[in-house]
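Laboratory data are not the source of any read-out in this text; all were calculated from the coordinates shown. These numbers come from a predicted model, not from an experiment. Because the Cβ atoms are built from the backbone with ideal geometry, glycine has one as well, and the counts that use them run over all protein chains shown.
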Amino acid sequence: MIINMCASASAEDIAHVVDRIKECGYQAHVIQGTERTVIGAVGSNGRRAEIEALSAALGVEAVIPISHPFKLVSRQLRQRRTVVDVAGVKIGGGDLVVIAGPCSVESAEQLRETARAVKASGANLLRGAAYNPRISPTTFRV
């Protein structure tokens, strides 16, 4: 990550960012320019979000990722396609796979009825969730 500091960033602002980078387990490389300071955060310990959150710190102009997130699944690391076999249905193999079902399963009968409809419509797999952390009773919209 590269942290571009504002031209008006104080020495305290820079020191705060450097301290936070080190607390996250990264190495901080400070580059003092004539107009501004740039700080490189080098490392890969999985606390990337904490470094990105520094965009809200005093004196920070921008936090710029310099490497691709999700390296284990990116095409940069592995060129060939990943194929996952789910009960004989190959996902990622080139064939179109349709997965359908309810956001939340409310009863066994509802799931059986949905499974019949999903199969009749030509879908390959049934999905259903018992709990969806993104949906709250207070924020659900119809």
- Whose amide H sits under 5 Å from the amide H of V105, counting only residues 5 or more places off or on another chain, with H placed in the peptide plane? A129, A130
- Each residue of the stretch 50-66 in turn: what ³J(HN,Hα) in whole Hz from Karplus with 6.51, -1.76, 1.60 and θ = phi - 60°, glycine and Pro shown as x? 5, 5, 4, 5, 5, 4, 8, 6, 4, x, 8, 8, 7, 10, 10, x, 10
- Message: Suppose each label sits 7 Å from its Cα in the direction of the beta carbon; what would the E23-S121 distance come out to in nanometres?
- Response: 4.8
- Mind listing the phi-derived Karplus ³J(HN,Hα) values for the stretch 118-123, rounded to whole Hz, using 6.51, -1.76 and 1.60 with θ = phi - 60°, and x for any glycine or proline? 5, 5, 5, 7, x, 5
- Task: For V60, list long-range residues whose amide hydrogen, built 1.01 Å from N in the peptide plane, is under 5 Å from its own amide hydrogen.
- Result: C6
